[in-house]
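Working notes, structure below.
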Amino acid sequence: MNAYRISGILITLALLFYGYRGELIDVNEGAGWDGRLYASYTAHLDRSLEEKAINSYRFQRVLTSVVINKVMKAMDIPFTVPNIVAGFRLFNLLLLMLGLLYYYLISRRLKLSAELEFLGLAALFWCYPVLKMPFFNPIITDAAAFTMGLMVTYHFLCNQRIVNVLLILAGSFIFPTFILFGLLLLFPAEEFKANTSPKRMERLVLPALFLIAFVVVYFGFQNQFADTYSNINPTNRKLLFISVLLALGYMYQIGAFLPDFSNFKDALSKVKWIYLVPIVLIILFIKYMTATYTSPNPENIGGGRYLINIVKQAVANPGVFLVSHIIYFGWLPLMLIFAGKEMVNAIRSLGYGVAILLAGVGFMSLGSESRQLINFYPVFVVAALLALQKKQALKPWVLALFGVSSLILSRFWYSITGYGDLGVNLTEWPAQRYFQVFGPWMSNSTYAMNLFICLIAVSVILILQKTGNLLDPIPVKSVVQTKPTNKRK
């Protein structure tokens with residue numbers, strides 16, 4: 001093992017165990033808000049199913065509760081809230097350790113250099129949703145979704161579709177959006193060629209969709225647009241025009257991921273139609289299970305409400321969605337400032353499935369509740385590493401700076417509890433000690449602080465790049481293992 005890998009593994013394991021032994025949210029005996037429901041499902045699983053006490057939305061996040069329930073029963077552990085919380089904490093720790101193993105399998109598969117492997121480790125694991133969230137507020141399914149996202153990514157790279165069918169089936173009862181990974185079943189990891197012009201018509205698709213959605217929501221659903229459900233931060237209407245422009249610009253950039261319209265025929269020829277069968281069967285199975293075991297009174301989080309929430313969150317403050325993602329996940333998106341073309345080519349090297357998936361997830365990322373994207377984050381990181389692989393090696397001191405700043409941003413060291421009630425006035429302090437990293441609840445002052453942090457980071461990266469201090473003159477030699485390029489006819 002090289003020094004980067006040894007130090008990376010040891011530091012990550014130490015940080016995970018530090019989090020595991022760290023502070024716990026002081027709401028509902030450590031169960032949190034949504035977690036109190038999943039704690040109840042864990043303790044009374046059979047009765048919850050018999051009485052249809054679980055709504056359809058939460059039923060698609062219930063698998064971790066089922067696992068904890070079965071393990072606690074087998075070990076004859078009493079179903080008290082502290083015991084359930086401890087069970088989820090331990091389960092999250094084990095899942096993240098499994099995710100760490102899968103990351104190194106991915107690194108070996110892609111033949112990443114030692115420097116890029118370290119960068120990917122810091123990007124994936126040295127961030128708030130891994131080092132803080134799974135242990136501070138443990139009764140949620142984010143850690144499971146993250147690790148299963150890593151697993152799906154690895155088995156996709158290995159072309160092991162049968163394994164991914166099973167993972168998507170299980171993941172659909174951990175995170176509702178897991179079914180979107182079905183695109184990776186339909187399309188192989190085969191590179192495709194497309195126009196590299198920045199003025200492609202295809203780049204206007206996502207901005208047009210957002211603009212239509214915004215007009216419909218703003219003028220047709222004004223009450224819901226103005227609704228500050230769950231005490232979220234209201235839309236800053238004075239800056240609404242700027243917010244819309246930034247969202248349109250962001251969608252234009254994400255639109256670069258889409259294939260050309262002229263690729264349509266080639267894309268159809270690459271589809272593995274046989275795998276449409278398990279996708280349909282999984283959807284039907286989800287429908288059957290929810291119809292059989294869930295409450296007839298669904299939670300108001302359907303497709304229409306989800307789209308309204310995305311539009312609201314996208315324009316609450318200028319660029320708040322991007323600020324939120326960087327604060328939550330870390331600096332890696334900013335590293336792509338000088339590797340935009342390489343990012344597009346890296347996505348194309350992974351095939352149509354990844355291109356369409358990341359374009360769709362890009363639209364979803366207009367929503368500023370970053371944790372909703374946790375299952376897709378590993379796919380994004382893999383594409384980013386492949387993009388940086390086409391550049392020159394990052395200098396060691398730059399990697400050290402990235403690692404240290406990632407740890408600072410992860411807030412693993414930051415104390416949240418002990419300053420007052422976190423459940424009162426969520427956009428005020430002390431509740432902002434917890435909610436400052438979640439876009440919908442990010443107050444105007446916290447947004448300004450986080451925006452300032454992001455702008456400083458962008459400035460540092462641009463200065464380093466311009467002065468030639470960002471990259472090492474020795475080029476990276478590793479290449480991604482994909483099937484031969486398919487030439488366009």
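The values are calculated or read from the model by the stated rules, or taken from the named source; none is laboratory data. No experiment lies behind these values; they were computed from the predicted model shown. Note: ideal-geometry Cβ built from the backbone for every residue, glycine included; neighbour counts use all protein chains shown.
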Please verify whether the stretch 218-226 includes one or more residues that are modelled with pLDDT under 90 and under 25 Å from the mean Cα position of the chain (by Cα).
yes
Is there any pair with a first residue in the stretch 251-269 that is under 13 Å from residue 361 (Cα atoms) and in contact (Cβ under 8 Å) with a residue 40 or more places away in the chain and a second that is among the aromatic types (Phe, Trp, Tyr) and buried (at least 18 other Cβ atoms within 10 Å of the Cβ) whose Cβ atoms are under 9 Å apart and which are 6 or more apart or on different chains, and what are they?
251/210; 251/363; 254/363
Name every residue in the stretch 13-51 that is in a helix (DSSP H, G or I), surrounded by 15 or more Cβ atoms within 10 Å (Cβ to Cβ) and either among the aromatic types (Phe, Trp, Tyr) or at positive phi (or both), in order of residue number.
20, 28, 29, 30, 38, 41
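Any idea which residue in the stretch 284-298 is farthest from residue 191 (Cα to Cα), counting only those that are outside any loop (DSSP other than H, G, I, E, B) and in contact (Cβ under 8 Å) with a residue 24 or more places away in the chain?
Among residues in the stretch 284-298 that are outside any loop (DSSP other than H, G, I, E, B) and in contact (Cβ under 8 Å) with a residue 24 or more places away in the chain, the one farthest from residue 191 (Cα to Cα) is 293.
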So, in the stretch 326-371, exactly how many residues are in contact (Cβ under 8 Å) with a residue 60 or more places away in the chain, under 23 Å from residue 408 (Cβ atoms) and assigned to a helix (DSSP H, G or I)?
11
Tally of residues being of a type in the set (Val, Ile, Thr) and under 14 Å from the mean Cα position of the chain (by Cα) across the stretch 141-164:
4
Is it true that residue 100 is surrounded by fewer than 16 Cβ atoms within 10 Å (Cβ to Cβ) and within 19 Å of residue 120 (Cβ to Cβ)?
no
Qualifying residue in the stretch 387-397 (condition: more than 15 Å from residue 180 (Cα to Cα), surrounded by fewer than 24 Cβ atoms within 10 Å (Cβ to Cβ) and under 11 Å from the mean Cα position of the chain (by Cα))
no
Which members of the stretch 184-206 meet the condition of being crowded, with 21+ Cβ neighbours inside 10 Å and in a helix (DSSP H, G or I)?
184, 185, 206
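State all residues of the stretch 274-283 that are under 10 Å from residue 185 (Cα atoms) and touching a residue at least 40 places away in the same chain (Cβ under 8 Å); if no residue qualifies, say none.
The answer is 275, 276, 278, 279.
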(1) outside any loop (DSSP other than H, G, I, E, B); (2) under 30 Å from residue 309 (Cβ atoms); (3) among the hydroxyl-bearing types (Ser, Thr, Tyr): which one isn't true of residue 414, the others all being true?
(1)
Among the listed residues 340, 362, identify the single one that is within 26 Å of residue 239 (Cα to Cα) and surrounded by fewer than 23 Cβ atoms within 10 Å (Cβ to Cβ).
362
Out of (1) in contact with a Pro (Cβ under 9 Å, 6 or more places away or on another chain); (2) free of Cβ contacts under 8 Å to residues at least 60 places away in the same chain, the odd one out for residue 93 is which?
(2)
Taking residue 437 as meeting all but one of (1) in a helix (DSSP H, G or I); (2) aliphatic (A, V, I, L, M); (3) in contact (Cβ under 8 Å) with a residue 12 or more places away in the chain, write down the number of the exception.
(1)
Out of everything in the stretch 311-325 that is of a type in the set (Gly, Ala, Ser) and part of a helix (DSSP H, G or I), what residue ends up being farthest from the chain's Cα centre (by Cα)?
314
So for the stretch 189-198 (the condition being of a type in the set (Ser, Thr, Tyr), without any contact (Cβ under 8 Å) to a residue 40 or more places away in the chain and farther than 30 Å from residue 422 by Cα), does at least one residue qualify?
yes
